[in-house]
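The values are calculated or read from the model by the stated rules, or taken from the named source; none is laboratory data. Since the model is a prediction, treat every value here as computed from it, not as a measurement. Using ideal geometry, Cβ is built from the backbone for each residue, glycine included, and neighbour counts are taken over all protein chains shown. The area values use the complete protein model at the heavy-atom level, side chains included, leaving out ligands, DNA and RNA. Shrake-Rupley method; radii C 1.70, N 1.55, O 1.52, S 1.80 Å.
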Amino acid sequence: MATHTPGFAVPIHEFAVALLSEREVAPRARHTAQQLAELLPGTGVVVYVIEDQQAPQWTPKAAAGAVTVPAAAISFDAGTLGAIAERREPLLFAGSDLAREDYAHLDVRRTVVSLSCLPLTVDEVRVGAIEIVSFDAPLTEASLAPVMEIAEFAAIALATALGYESERNSNLQSISRLAQLYDLEKVFNSTLEMETLLALVPRKFQEILNVQAVNLWLVQGDSLMLMGQAGRDPTVKVGASQKAGEGMIADLAETGDPVLIESDADERLQRRNFGLQEGAIVSYIAAPLMSEGAEVGFVEAINKLDGTSFDEDDLFFLTTVNETAAGALKNASLLHAERKVEILETLVKVSQEITSTLNLDRMLQTIVNAPQAVIPYERAAIALEQHGRLKLSAVSGIMQLNRDDPEIAPLNDLLQWAAATESEIWVRQHDGQIDELREETRAKFQRYFSDTGVRGFYCHPLVDDTGRVGVLAFESSDPDFLSEAHLEMIQVLASQATVALRNAQMYKEVPFIGLLEPVLEKKRKFMAMERKRRRMLVGAAVATALFLTFFPVPMRLGGDATVAPQRRAQVEPEVEGVVAKVYVREGQPVKAGDVLAELRDWEYRAALAGAQAKYSTAVSAMNRALVSNDGGEAGIQRLQADVWASEVERSRERLEKTKLRSPINGVVATPRVENLVGRRLQFGDSFAEVVDSSATSVDVAIEEKEAVLMRAGNRAVVKLNGFPTRTFEGQVAVVSPRSELVDEQRVFFARVNVPNQDSVIRPGMQGRGKVSVGWHAAGYVLFRGTAMWLYSTLWSWFGW
């Protein structure tokens, strides 16, 4: 039979050093349990700690010997542990005196001979306990004497470890709160859309506070309105409004003070919960939203999901994050107000343009293009009534309309169908479902949306007292692209457009009224002149015609110019890491291969050192096997050495990749790149941008009607605003294959390569460029634009 040998299994100083070498509770408890198990053979040892003195429980931290650590915390008054909790002194029980229920918290498979519980106390404060179960020989006071000495050391070690973990957890909680505040500020400031914020603010508050529901109330005149809600609050719904004396939140807003209610016994909660069977409020906090000293709303949170009540820390945190939410809501409200002003200004501008002219084409282009400054549509179209039939007349972004174009024809058919309804149409598609009651309408728009990619379509009829003028339509791939403010603007625009279009159509019906009167007036003045003077004017006109017809002059096409680098490269990390050093600054010249920055590489150095060590070990083992003439073992070690040689090379490559190098010769273009020290870079993150300014590309915007004259290889000159006295020469490398809309005008870009050896030209500079397209007759150069416009106008009248 085993006997218990008194004395330490290891020297006392080694045990103390082992305890002090660890800072956390679990390792120290494990050292204690192992020491006691070695000291008392044939026993099982469990070490418990009390983590919360306010709500004490026995939390198992380590076990040694023939006993298993319980899975969860144990009630403070359970079994033998309850006895030591009550008496606070070492207890020794014979196995025959114990029922299995007394130590039911232990997982044992052998017969218990005796059981001892030792309290761990420091300055009269219970830190934990040690439970020793003997399966061979009975425990005696003599055999437990050295255990008491170990318990004294363990109590102090565990107490300091508990204090350390408590302080660490408190710091981690503070860091977590700061991270949450930073995340909130970043998320709230990521959008200025009021509707998005009204849904985002309560949802983020609910996630962080871990509560059943969060309500966002905003001041609307003399009342509070529930504008946003996250979670389930059966006592109130979105859209509810309260004035002073009408509800709990309105009464709280009168004082403007934060409120904490810990129990549903509060009479305010009882009134609010009246009649509820489930989902009642049992714990409640609320805090005001303040902006520049004025109360703009209130945020309330109900019922923590973990079952506990709110405390002062929760109320303080809500009050703190409300400041961030109030700032975001204020910025969104300012943007909302600014958009309304912008919409009104645009409406006034469009109204002035369409009422200041009787040119029908110009009026139509203004109606379909100008509102795009404030209405986020992708395409607008207008169809006019002509001789009893609706005809598509203008589409945004298209100057020359071809109704047979495959992209235009479906829209033309849809507008003719929409005009027959004689009422406004607002059709949207969400998640593949058409928001329309009529089956015929759903089927028609299902096909149209599928063919065009459009998800939102709005059509407004243009009707006056004399009948139908036409229809005005807007469409977008976003089904919710129109807000209430946008719909109001479209209705006003439609009314103004109806009057203007009717006047333009009536004026256009008078044949040649705008052309014949000026011509006849000029003829009368010419015939009234003296004959000699008439001959002189005729001779001058003939000479001018000959000059314009036969005299060659160089033709240059001009346009706004913008400088862009010919080459640019993004410096991205090939491995993840934290930036340790940055060796460059913005504007610093670098060469290909220069090290711009380094990532922290201790992890990769450690991996390289480990691989090298294992490689050396494998080589040594191979050499020993060769010396001992063991060919099989030498072959195995040779394979191991080859594997670790590959790992060494792979680790060396990863270590090298911690140095961020420039891929090209150029200049660092990233502002304040030196401030990136300490930032963690992931795959795909951009650390810096290097641009090669030794040769630059200048984009010269050429009008659409002139673009056909340009060819690659044309000579070009550029004058930049930063160098008003200097002219840069280059050559057209390519003409953009598609046009772009710049300042409401379609242009093509001539990309001109300009040498920049002295690096004085910098990306982003602007100026004026001219592209030479050869020598042509003076008349062609001077009047080509006018002739093209005249031909287009005549073709629109008489062509087919």
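One table, with the values for the structure above:
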| item | result |
| --- | --- |
| Selection within the range 555-574 - open to solvent by less than 10 Å² (accessible area, probe 1.4 Å) and among the β-branched types (V, I, T) | V563, V571 |
| Per-region count, the range 714-737, residues over 13 Å from G559 (Cα atoms) and open to solvent by 40 Å² or more (accessible area, probe 1.4 Å) | 13 |
| Filtered residues of the range 676-707 (kept if open to solvent by 60 Å² or more (accessible area, probe 1.4 Å), more than 30 Å from R784 (Cβ to Cβ) and in contact with a strand residue (DSSP E or B) (Cβ under 8 Å, 6 or more places away or on another chain)) | V677, R679, R680 |
| Lone qualifier among G397, G432 - being at positive phi and free of Cβ contacts under 8 Å to residues at least 60 places away in the same chain | G432 |
| Criterion violated by N402 - all others in (1) open to solvent by 10 Å² or more (accessible area, probe 1.4 Å); (2) in contact with a Ser or Thr (Cβ under 8 Å, 6 or more places away or on another chain) satisfied | (2) |
| Options L158, L120: the member that is at pLDDT 85 or above, assigned to a helix (DSSP H, G or I) and under 21 Å from W58 (Cα atoms) | L158 |
| Tally of residues being in a helix (DSSP H, G or I) and open to solvent by 90 Å² or more (accessible area, probe 1.4 Å) across the range 621-630 | 3 |
| Residue tally, condition surrounded by 14 or more Cβ atoms within 10 Å (Cβ to Cβ) and either in contact (Cβ under 8 Å) with a residue 60 or more places away in the chain or touching a helix residue (DSSP H, G or I) at 6+ places or on another chain (Cβ under 7 Å) (or both), over the range 740-749 | 3 |
| Hey, E633 open to solvent by 60 Å² or more (accessible area, probe 1.4 Å) and not in a helix (DSSP H, G or I) or not | no |
| Residues satisfying the stated conditions in the range 390-399, i.e. within 22 Å of Q372 (Cα to Cα) and surrounded by 15 or more Cβ atoms within 10 Å (Cβ to Cβ) | L392, S393, A394, V395, S396, G397, I398 |
| Residue within the range 544-554 that is of a type outside the set (F, W, Y), open to solvent by less than 30 Å² (accessible area, probe 1.4 Å) and in contact with a Ser or Thr (Cβ under 9 Å, 6 or more places away or on another chain) present | no |
| Those residues of the range 205-233 which are open to solvent by 30 Å² or more (accessible area, probe 1.4 Å), in contact with a strand residue (DSSP E or B) (Cβ under 9 Å, 6 or more places away or on another chain) and not hydrophobic (A, V, I, L, M, F, W, C), in sequence order | Q206, E207, N210, Q212, Q220, Q229, G231, R232 |
| Where A494 falls short, out of the listed (1) modelled with pLDDT of 85 or more; (2) in contact with a helix residue (DSSP H, G or I) (Cβ under 6 Å, 6 or more places away or on another chain); (3) small (G, A, S) | (2) |
| Residues of the range 384-433 satisfying the condition of being within 19 Å of L487 (Cα to Cα) and under 37 Å from the mean Cα position of the chain (by Cα) | S396, E424, I425, W426, V427, R428, Q429 |
| Per-region count, the range 18-60, residues free of Cβ contacts under 8 Å to residues at least 60 places away in the same chain and charged (D, E, K, R) | 3 |
| Residue in the range 22-38 that is hydrophobic (A, V, I, L, M, F, W, C), over 17 Å from E152 (Cβ atoms), more than 54 Å from the chain's Cα centre (by Cα) and surrounded by fewer than 20 Cβ atoms within 10 Å (Cβ to Cβ) present | no |
| Any pair with Cβ under 6 angstrom, 6 or more apart, that starts in the range 63-80 at a residue that is more than 12 Å from A104 (Cα to Cα) and in a strand (DSSP E or B) and ends at one that is modelled with pLDDT under 80 and not aromatic (F, W, Y) | A63/V69 |
| Within the range 133-155, considering residues that are under 15 Å from V47 (Cβ atoms) and not in a strand (DSSP E or B), the one most open to solvent (accessible area, probe 1.4 Å) | E152 |
| Subset of the range 451-467 that is touching a helix residue (DSSP H, G or I) at 6+ places or on another chain (Cβ under 7 Å) and of a type in the set (D, E, K, R) - its residue that is nearest to A494 (Cα to Cα) | D464 |
| Qualifying positions in the range 590-620 - within 32 Å of the chain's Cα centre (by Cα) and assigned to a strand (DSSP E or B) | V595, L596, A597, E598, L599 |
| Qualifying positions in the range 293-313 - open to solvent by 10 Å² or more (accessible area, probe 1.4 Å), touching a residue at least 24 places away in the same chain (Cβ under 8 Å) and acidic (D, E) | E295, D306, D311, E312 |
| Number of positions in the range 234-262 that are outside any loop (DSSP other than H, G, I, E, B), out of contact with any Leu (no Cβ under 8 Å at 6 or more places or on another chain) and open to solvent by 50 Å² or more (accessible area, probe 1.4 Å) | 3 |
| Residue check, G769 in contact with a strand residue (DSSP E or B) (Cβ under 9 Å, 6 or more places away or on another chain), at pLDDT 80 or above, exposed (fewer than 13 other Cβ atoms within 10 Å of the Cβ) and among the small types (G, A, S) | no |
| E89 vs. criteria assigned to a loop (DSSP other than H, G, I, E, B) and either among the acidic types (D, E) or open to solvent by 30 Å² or more (accessible area, probe 1.4 Å) (or both) | yes |
| Qualifying residues in the range 483-506 (those that are polar (S, T, N, Q), open to solvent by 60 Å² or more (accessible area, probe 1.4 Å) and within 23 Å of W426 (Cβ to Cβ)) - the one nearest to the chain's Cα centre (by Cα) | Q491 |
| Residue that is surrounded by the most Cβ atoms within 10 Å (Cβ to Cβ) [pool: residues in the range 92-132 that are among the charged types (D, E, K, R) and more than 19 Å from S75 (Cα to Cα)] | R110 |
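For every residue, the table says whether it meets (1) open to solvent by 20 Å² or more (accessible area, probe 1.4 Å); (2) among the aromatic types (F, W, Y); (3) modelled with pLDDT of 70 or more.
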site	(1), (2), (3)
H336	yes, no, no
V341	yes, no, yes
V350	no, no, yes
L360	yes, no, yes
P371	no, no, yes
